[in-house]
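Laboratory data are not the source of any read-out in this text; all were calculated from the coordinates shown. Just so it is clear, the structure is predicted and the values come from calculations on it, not from any experiment. Glycine also receives a Cβ, built like all others from the backbone with ideal geometry; neighbour counts cover every protein chain displayed.
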Amino acid sequence: MDIVGNVLPQVLKDEATEDKGEMARLQSFVGAIAVADLVKTTLGPKGMDKILKPTGPGQEMTHITVTNDGATILKSMYVENPAAKILIEISKTQDEEVGDGTTTVAVLAGELLREGEKLIQKRIHPQHVIAGWRIARDVALKRLRDISSENDIESQEFHNDLVKIARTTLSSKLITQDRDYFADLCVKAVLRLKGSSNLDYIQIIKLPGGTIRDSYLDDGFILKKQITIGCKRRIENAKILVANTAMDYDKIKIYGTKVKVNSMDKVAEIEAAEKEKMKHKVDKILKYQPTVFVNRQLIYNYPEQLLADSGITVIEHADFEGMERVAAATGAEILSTFDAPERRDSVLGHCDLIEEIMIGEEKMIKFTGCKKNEACTIVLRGSSIHILDEVDRSIHDVLCVLTTTVKNRRVVWGGGNSEMQMAAACEEEAKKVQGKQALAIEAYARALRQIPTIICDNGGYDSAELIQNFNVELQKGNLTFGLNMNDGTIGDMQELGVKECMRVKEQAVMAASEAAELIMRVDDIVKCAPRKRDRA
Amino acid sequence: MSLAFDDYGRPYIILRDQGQKKRMKGLEAYKSNILAAKAVANTLSSSLGPKGMDKMLVSPDGDVSVTNDGATIVEKMEIQHPTAKLLVELSQSQDAEIGDGTTGVVVLAGKLLEQALTLLDKGIHPLKISDGFDRACDVAIKHLETISEEIDIQANDNEALVQAACTALGSKVVSKRKRELGKIAVTAVLDVADLARRDVNLDLIKIQTKTGGSVEDTRLISGILIDKDMSHPQMPKEVKDAKICLLTCPFEPPKPKTKHNINISSADDYKKLYLQEQQYFVDMVKLVKNSGANIALCQWGFDDEANHLLLQNELPAVRWVSGTDVELIAMATGARIIPRFQEITPEKLGKAGCVKEVQFGTSNERMLVIENCQCTKAVTILIRGGSQMIVDEAKRSIHDAICVIRNLIKDNRIVYGGGSAELACAIQVLQYADEVSSVEQYAIRSFADALEGIPCCLADNCGLNPITSVAQAKALQLKENNPRIGIDCMELGTIDMKEQRIYETLSSKKQQIQLATQVVKMILKIDDVIAPDDY
């Protein structure tokens, strides 16, 4: 109905809804803030974990996830609210882009909107708020870059930086008590990559059993497969042939081919031919003179036996990723045809030692002394699969942050230092700006300051007092101060060695402002009628 | 419902299944149609102008998109009402023809319908109204042409084009970076434009999106970006002086169209077949290799064996390249698309300076860039942004900007924005109205009112007092006889749009007024709606 009371004709489909103006804005604020509040408690070293329990019938119901990782929590949530979906989206992007800070980005966007809502209530036009936020964002990012420092990639300081960053990242995870150990482990793994950001070379194997402390970094490459029975268990100076070829039977690839025979003899003949064909293939493989043969696909008994007879160690059914890693680590080429044995030297991979090892109760194959020494394996141990999954996610985060740092090299002090400095920069700017935008810039500063506040709250400390003292220290010129979450005090981050990757912060601030702006600009929500699903 | 009676007074039915149909006639039909169309226009009106707001649209599957683009909004609203659908088409045809001004056209149609409703209440016949609108439209268009100015698009480092692009981008979520993005769009269009013929083939500009980074990271790649990687992980990641073989046949044994069977009845045959099969792959790779190609792009898939043979022959290859990309690459590199291996010849290869894989973020996604193509006429704009929604919206915005630039290259006449052109037309139409002595006078006057609705709406969206600012601008236009006075949306302190440098193309404005008038006329001609009841 319009204002005069005329009944408007129905324009949208049945069940479709349209919310305008205040109603629309309210909806998006409520949704976004709710999501941000949900992950808020996981922020910081004293953040709590969440249990995610899948819905739906069947076995999956019983598989729960315990996690502290913002992206994982948000990804698994089913939300209806469109604004909430935007927050989930940015958290995902943050995960893909830099790997960490996924909670921060959602919380910061949520806090921005919370501040934005207050401004709207004061009758400030959303476009003014956005204009202010944009100024604030630029000022904040500029300050962030100014306070960051850079060390030479080869230097010991940079190495120390990496360890500190890893420690900081790990401090909010499940393995916080072992963070020194894991920080060292991750830094070693990342440094092996020699500047490349290809995390494929770092393999993570999760094996239940033992304690988290039993996890270790193996400088070789471990394949979670077994060596076929009847082969040598230990090969020194191995020449490895990596293949992706059918070793069960060769399907005829020419279209429309059928085998039709009219007698039992013929069947036998065909069978023999088939066998011969396989033998032929094996012979060709043998011409390459490998000592180890790794195939992606299944290997049937017959060719396996042929290969084993020639003293070749056979590893079958390696998954695709494993294969690529073996190939990359040993410098082998992945073969599918075997007609050029003269290229032997360039296609075969090499490693000093291949042996079957036992980790926990599982047999694995370990390749040591590979041609290309970049690959390594992190073996994670832990008392349950839930813990292992969480440790895996944490390690992944750390590795991502570290590779990002290796690429970008700029670091900032942790413990909320960068947020507080950015907030200070915004406040200084707000004093210079004319017009209503200044209110929005102040609001931006408040939202940034919320991040250390929440970290304090999560630790059960008196956030109001700590943040105030913190601010005073910064005003005094102690620019390296930050929150000491172990003691619930403020302290010098330089002494405590808390550092963070600048790129992660930068991306978080950029993404959060973009998302908040996107939500702020909306004044109309149209929901289409949900698609009808037939239950077939 | 229409019932007729035969000679004996028995009712009979004219429309089939008329009991199940809904029918509206006469004034009721007019009003219902107009109200429905107005409802759509109302939704869009708050998106108009540089301070316009966005709409959040939730699709039937729950996917969210946030946009400011009129055509996209009405398309995704899934409008059901038949008359309201006309407005959807209106916006879409503006999009197809001009590419920009899709919101403005709908808002103008809404304002016209609003005026029509009052006229209907006064008892004026719909056809008189539509006649009046028609005549007023002609006057407005003529006046637009007289106030339009030709600009030199290449002067001052294409400054005019950049400004026009900025005007188009000003209302979008990416407005913060409108200057950078505007420049990207201008460079992209000029790279592919044929200035002699004043023509731009927009197919040559590929817009590729990729979430991550921020809108600032958007860049122009003078080449083609395809979202694919090399078919074998160990193929070289970079090919210099690429000779590209563009294939539309798979690296697999051929599949004849005719249904056939090959019957194998002896072991000998079986062996022969095996050899034959192997030969296929060897031959295929050899044919490509012999032509001198050093990279193969294929629209279809590869068999494992073929894949490895390609690697062995040091022939990097890409599979599953989409059809549109294949065509674009063909245009840019001068390659001929080759449908059969037998037809590969050295002349058919395309040439490019460099083909390489680039990587993004931590998640290991790679894309392929073809740079320095032989016929450099293709460019890619790679759009980055914090989330899928921002990237999508940025894509739509850049598309709008590109369209504006193209229109300017085609026709370099411009009018000034900020509602000034509409206001100038309104004044002209109003003067004309007084000269008309028939009933149409009222309709013509209403047309002028509707045109004024656009600056009104702009002012409203900017938080200004619409009535005061429009009255002020109008008075000043009359006083100074200056058609460039509009609404100061950006609060820059001047209401002369020439100083604010808000450019809009003449073709777009003309098209907006014409299309809106046409649709309104069409809606005004409907006096009977027959629809199934459950519709």
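What number comes out for the charge environment of B:SER59, summing +1 per Lys or Arg and -1 per Asp or Glu over other residues with Cβ under 10 Å away?
Surrounding charge for B:SER59 is 0.
Compare the peptides B:194-205, B:466-477 by average per-residue count of other Cβ atoms within 10 angstrom and give them in order, highest first.
Order by mean packing, descending: B:466-477, B:194-205.
Putting +1 on Lys and Arg Cβ atoms and -1 on Asp and Glu Cβ atoms, find which of B:ASN263, A:ILE334, A:VAL190 reaches farthest to the positive end of the dipole of the protein assembly as shown.
B:ASN263
For chain A, return all DSSP H helices satisfying: extent of Cα atoms along own axis at least 18 Å; mean Kyte-Doolittle hydropathy at least 0.0.
A:21-40, A:102-121, A:179-192, A:385-408, A:437-458, A:502-520
What dipole magnitude, in Debye to the nearest 20, does region A:219-314 give about its Cα centre under +1 on Lys/Arg Cβ and -1 on Asp/Glu Cβ?
Working: 18 positive and 12 negative charges, 60 e Å.
Around 280 debye, computed over region A:219-314.
For the pair A:ARG145/A:LYS53, report the inter-label distance in nm, with labels modelled 7 Å from Cα in the Cβ direction.
Label-label distance for A:ARG145 and A:LYS53, simple model: 4.9 nm.
Could you pull out the pairs from A:LYS118/B:LYS172; B:LYS111/B:LYS142; A:LYS164/B:LYS176 whose alpha carbons sit more than 26 Å apart here? Please report the intermediate quantities before stating the final value.
Working: A:LYS118/B:LYS172 24 Å; B:LYS111/B:LYS142 21 Å; A:LYS164/B:LYS176 36 Å.
A:LYS164/B:LYS176, as the Cα separations exceed 26 Å there.
Just flag the trypsin sites (Lys or Arg not before Pro) in region B:202-266 sitting in loop per DSSP whose Cβ has no more than 10 other Cβ atoms within 10 Å. Let's see the in-between values first.
Numbers: sites: B:LYS206, B:LYS210, B:ARG219, B:LYS228, B:LYS237, B:LYS240, B:LYS243, B:LYS257, B:LYS259; in loops: B:LYS228, B:LYS237, B:LYS257, B:LYS259.
When the trypsin sites (Lys or Arg not before Pro) of region B:202-266 are filtered for loop state and at most 10 Cβ neighbours within 10 Å, B:LYS257, B:LYS259 remain.
Averaged over its residues, how many other protein chain Cβ atoms are within 10 Å of peptide B:168-177's Cβ atoms?
2
I need the peptides A:405-415, A:39-49 ranked by packing, meaning the mean over residues of other C-beta atoms within 10 angstrom, with the highest value on top. Provide the component values of the computation, followed by the final result.
Details: A:405-415: 22.0, A:39-49: 20.2.
Going by the mean number of other Cβ atoms within 10 Å, highest first, we get A:405-415, A:39-49.
Determine the dipole magnitude for the protein assembly as shown: charges of +1 sit on the beta-carbon of Lys and Arg, -1 on that of Asp and Glu, nothing else is charged, the reference point is the Cα centre, and the result goes in debye to the nearest 20.
Charge dipole of the protein assembly as shown: 1080 debye, to the nearest 20.
Where both residues lie in chain B, what percent of DSSP beta bridges are antiparallel, nearest 5?
75 percent
Could you tally the net charge around A:SER149, taking each other residue with its Cβ under 13 Å from the Cβ of A:SER149, Lys/Arg +1 and Asp/Glu -1?
Neighbour charge sum, excluding A:SER149 itself: -1.
On average, how many beta carbons from a partner chain sit within 10 Å of the beta carbon of a residue in B:43-55?
On the way: counts 7, 1, 0, 4, 3, 0, 0, 1, 7, 3, 11, 9, 9.
Mean partner shielding for this stretch: 4.
Can you give the three extents of the C-alpha atoms in region B:290-379 along their principal axes, from longest to shortest, in whole Å?
Each principal axis gives a Cα extent; for region B:290-379 these are 42, 36, 22 Å.
I'd like to compare B:498-504, B:339-345: which one has the highest average count of other Cβ atoms within 10 Å, and what's the full order after that?
Descending mean neighbour count gives B:498-504, B:339-345.
Taking 10 °C and 1.306 mPa s as the conditions, I'd like the Stokes-Einstein D for the protein assembly as shown in µm²/s, using the Kirkwood hydrodynamic radius from alpha carbon pairs.
For the chosen part, D equals 47 µm²/s.
Expressed as a whole number of Å, what is the distance separating the alpha-carbon centroids of region B:403-441 and region B:207-228?
Rounded to whole Å, the Cα centres lie 38 Å apart.
If I take R0 = 45 Å and measure r between the Cβ atoms of A:THR17 and B:GLN279 in this structure, what FRET efficiency does the formula 1/(1 + (r/R0)^6) give, to the nearest 0.05?
After rounding, the FRET efficiency stands at 0.10.
So how far apart, in nm, are the two label points at B:ASP152 and A:LYS275 if each is 7 Å from Cα heading toward Cβ?
Using points 7 Å along Cα→Cβ, the separation is 8.9 nm.
Taking H placed 1.01 Å from N in the peptide plane, check which residues at least 5 places from A:VAL498 or on another chain put their amide H under 5 Å from its amide H.
A:GLY414
Given H placed 1.01 Å from N in the peptide plane, which residues other than close sequence neighbours of B:ILE262 have an amide H under 5 Å from its amide H?
Under 5 Å from the amide H of B:ILE262 lie the amide H atoms of A:THR257, A:LYS258, each far enough along the sequence or on another chain.
Going by amide H atoms built from the backbone, whose H comes under 5 Å of the H on A:ILE299, apart from near neighbours?
A:HIS317
So, with +1 on the Cβ of K and R and -1 on the Cβ of D and E, and no other charges, what is the size of the charge dipole of region B:298-360 about its Cα centre, to the nearest 20 debye?
Details: 6 positive and 9 negative charges, 55 e Å.
In total the dipole reaches around 260 debye.
Taking the Cα centre of each part, how many Å lie between region B:302-355 and region A:159-188?
Each part's Cα centre sits 47 Å from the other's.
Under 16 Å between alpha carbons, and skipping anything fewer than 8 positions from A:LYS266 in its own chain: which aspartates and glutamates qualify?
A:GLU274, A:GLU276, B:ASP268, B:ASP269
State, to one decimal in nm, how far the label point of B:ARG501 lies from the label point of B:ASN313, with both points 7 Å from Cα in the Cβ direction.
5.6 nm
Here are some pairs, A:LYS260/B:LYS257; B:LYS206/B:LYS521; B:LYS255/B:LYS289; A:LYS92/A:LYS432; which of them have Cα atoms lying more than 29 Å apart in this structure?
B:LYS206/B:LYS521; A:LYS92/A:LYS432
FRET efficiency for A:LYS194 and A:LYS363, Cβ-Cβ distance as r, R0 = 22 Å, nearest 0.05?
With a Förster radius of 22 Å, E is 0.10.
Using the charge dipole of the protein assembly as shown (Lys, Arg: +1 at Cβ; Asp, Glu: -1 at Cβ; taken about the Cα centre), state which of A:GLY459, A:ASN484, B:ASN42 has its Cα farthest towards the positive end.
Checking the options against the dipole of the protein assembly as shown, the answer is B:ASN42.
Could you work out the mean count of beta carbons from other protein chains within 10 Å of each residue's beta carbon in B:265-278?
Numbers: counts 9, 6, 11, 2, 4, 11, 5, 0, 6, 10, 0, 2, 6, 3.
Average per residue, whole number: 5.
Which one, A:VAL391, A:VAL282, A:LEU199, is farthest towards the positive end of the dipole of the protein assembly as shown when Lys and Arg carry +1 and Asp and Glu -1 on their Cβ?
A:VAL282
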